[in-house]
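Just so it is clear, none of the values below were taken in a lab; they were calculated from the coordinates. From a predicted model like this one, the values you see are computed outputs, not experimental measurements. With ideal geometry, Cβ positions are generated from the backbone for all residues, glycine too; neighbour counts draw on all protein chains shown.
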Amino acid sequence: MLGDFVKETRSKRGLSQAELAKLADLSASFICRIEKSDYKSVTVASLNKLSRALKIPINDLSNFLLDKGQKDDLLKKTPYEIINELSLSLPAIVPVYPDLNSKQILEYAFVPRELVLNGGREMKLIGIKSRGLAYDDVVHDGDVIICGKDIPPSPGDLCLKMDGDQMVIAPYKKKDDYFAVIIQVVRVVKQLN
């Protein structure tokens, strides 16, 4: 059940209900109701906030709701609810540029739909080809970095930022200037002939 999963994941992260509520920008009573399975419905926006706060994919949470909802009569759902569920299952298409200042699109990357949802609204993501950019074993030269410019970073999030006149990847620290938060890295594997 969703409530048991949220409670277990929260406990593994060492968070209280109040701390999770603050991280997710949700009320503590909402978290309590979720964990007790005392809810009628949960919005996609709330699921997205929970998934980000718990650092788990939104699908891990939505699958519990879909399993619960299979017993319901599909005819009771509105067309909007059905279309919304279908659109969440489709990947999002993200344009990939050679760098942040370029207007020339090199290619397109497909990413899970939940990556573009932020607080229930779709945000614009861009891809950057990481030529000359690398970070530990996370980003290799040539990988595609999926970035969000609208997302406020948390301390420790990997970001693109300027170091002098050169673009670098570094963990976010308070008061840092940054261009974009790195949401996902798409590993590029060379094809063998």
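So if I place +1 on the C-beta of Lys and Arg and -1 on the C-beta of Asp and Glu, and nothing else carries charge, what would the dipole magnitude of the stretch 90-186 be about its Cα centre? I want it in debye, nearest 20.
Using Cβ point charges on Lys, Arg, Asp and Glu, the stretch 90-186 gives about 340 debye.
Among the listed pairs Lys55/Lys173; Lys36/Lys124; Lys55/Lys129; Lys12/Lys36, which have their C-alpha atoms separated by more than 28 angstrom in this model?
Correct reply: Lys36/Lys124.
Which FRET efficiency, nearest 0.05, do Asp25 and Asn101 yield, Cβ-Cβ r, R0 30 Å?
My answer for the efficiency is 0.40.
Enumerate by residue number the trypsin sites (Lys or Arg not before Pro) in the stretch 22-57 meeting two conditions: DSSP loop (anything except H, G, I, E, B), and at most 13 other Cβ atoms within 10 Å of the site's Cβ.
Those that pass, being in a loop and sparsely packed, are Lys36, Lys40, Lys55.
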